[in-house]
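Written below as structure tokens is the structure these notes are about.
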Amino acid sequence: MNKTLIITGGAGFIGSHVVRLFVHKYPDYKIINLDALTYAGNLENLTDIENAPNYTFVKADITNEPELRAVFEQYRPDAIIHLAAESHVDRSITNPNAFIQTNVMGTANLLNLAREFWTLNPAHTHGHFPDRKELNNLFYHVSTDEVYGSLGETGFFLETTSYDPQSPYSASKAASDHLVRAYGNTYGLPFMLSNCSNNYGPNHFPEKLIPLCISNIINEKPLPIYGDGKYTRDWLFVIDHAIAIDAIFHNAKVGETYNIGGFNEWQNIDLVCELIKQMDAKLRRPAGYSEKLITYVKDRPGHDKRYAIDANKLKDDLGWTPSVTFEEGLDKTIDWYLSNEAWLKNVTSGAYQRYYEDQYIN
Ligand code: NAD
Ligand code: TYD
């Protein structure tokens with residue numbers, strides 16, 4: 001089909017799995033991984049495909065319009081899957097401006113360039129897809145369920161749930177979602193959007209709960225539990241997110257939104273105890289050995305109580321369901337971290353280590 005596809009944020013956690021899936025599955029596409037390589041971007045995530053003939057890495061910052069324009073001029077993308085973002089809620093509390101710059105202004109830069117280049121392109125379909133397989137001028141925005149705010153004890157986020165973001169991170173993602181829809185509505189930019197629950201799996205930077213606890217259990221360091229530990233998140237294996245993105249990108253109608261999630265809610269403290277159970281067994285430590293590492297710490301300001309996704313629209317329309325159970329996904333994830341200790345050491349050295357120590361140790 002010979003399509004050129006830019007995937008932004010492809011050196012990050014989720015982006016690296018999306019890039020790998022597309023490089024393997026679509027040998028006819030030219031896949032451009034556009035990433036600024038911030039602290040969260042790591043080309044070690046992609047060493048297995050770095051020499052694939054249909055893969056190119058381009059170091060570029062989406063907040064830098066001239067740099068981004070040069071990439072559009074050079075590669076003339078037919079479609080964009082946009083994942084590049086600042087993604088950690090705690091960092092958004094200490095430095096909100098970085099989130100506004102990358103998530104809002106960076107997305108606006110991409111939208112403006114997509115609009116400019118695709119309107120000039122004779123293949124531009126102005127929002128109509130005569131042949132859905134053509135992928136002409138499609139802007140796929142990858143977003144989060146955190147835009148919906150916090151749930152009480154019951155209920156689920158639906159695609160129709162009103163936005164009510166509570167953290168600088170979720171507010172910046174909500175702003176970018178609104179911009180994408182506004183460009184669709186105003187300029188006919190063909191777009192689609194998905195809002196996913198919390199991901200876990202290989203390549204996850206160890207500042208988020210699951211990889212941080214895996215890393216700290218290995219190294220016998222404190223496992224920081226915010227507040228009472230009864231906050232609830234809905235966890236999805238990252239490869240299932242990548243598979244859902246592929247299904248939506250290739251089969252959804254233009255202008256659609258899908259929620260992605262695995263109906264897999266866990267209170268943080270129960271999840272950490274589950275990790276301890278599985279890891280103590282794998283590390284041949286006595287059962288419960290790492291429980292002593294659990295350390296209740298000051299709560300995150302404005303902490304969202306509960307997230308839970310209703311992913312039935314995705315199942316009904318496109319037949320997507322998670323390919324692994326949580327038990328299987330966690331097992332694969334722990335095994336990956338245990339066999340990739342060098343990766344863990346590399347990403348936790350230097351600047352990140354100092355950030356972590358400032359936040360939780362000093
Ligand atoms: P991540 O932090 O692991 O990776 C982000 C990537 O974006 C990194 O490779 C980084 O170098 C790159 N990047 C950051 N700023 C950039 C800039 N200015 N220009 C170019 N590249 C830049 O994030 P992730 O967890 O993989 O999340 C990817 C996307 O998925 C984000 O848009 C996030 O909001 C969304 N999302 C994440 C989750 C989750 O659980 N992690 C859940 C739902 C949605
Ligand atoms: P996190 O992985 O940061 O994802 P998000 O904030 O985007 O949901 O956090 C998941 C949950 O775990 C959230 O309720 C905050 C909590 N948490 C801790 O209790 N301790 C930690 O060290 C971290 C990083 C998170």
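FYI, it's all coordinate maths here, none of it is from the lab. What you are looking at is a predicted structure, and each value in this text was computed from that prediction instead of being measured. FYI the Cβ positions are ideal-geometry reconstructions off the backbone, even for glycines, and counts take in every protein chain you see.
Spin-label model, Asn51 to Val324: label points 7 Å out along the Cα-to-beta-carbon direction sit 2.7 nm apart. Label point of Lys298 set 7 angstrom out along Cα-Cβ; within the range 202-240, amide nitrogens under 17 Å from it belong to 224-229. Each residue, Lys277 and Lys345, gets one label point 7 Å from its Cα in the Cβ direction; the gap between the two is 3.2 nm. Values of log10 I(q)/I(0) for the chain across q = 0.15 Å⁻¹ run -1.40, by the Debye formula with one identical scatterer at each alpha carbon and no solvent. Largest GNM mean-square fluctuation across Ile14, Ile93, Ile31, computed for the chain with C-alpha springs under 10 Å, falls on Ile93.
Extension gain for Thr119 to Gln267 (0.36 nm times residue separation, less C-alpha to C-alpha distance): 48.6 nm.
Considering only the other residues whose Cβ falls under 14 Å of the Cβ of Ser290, what net charge follows from Lys and Arg at +1 and Asp and Glu at -1? Residues close to Ser290 contribute a combined charge of +2.
Note that the range 222-362, at 25 °C in a medium of 0.890 mPa s, gets a Stokes-Einstein diffusion coefficient of 139 µm²/s from its Kirkwood radius over C-alpha pairs.
Counting pairs of alpha carbon atoms under 8 Å apart in space and at least six apart in sequence, what relative contact order in percent does the range 3-359 give?
Working: 638 pairs, mean separation 61.1, N = 357.
Taking the mean separation of contacting Cα pairs over the length of the range 3-359, I get 17 percent.
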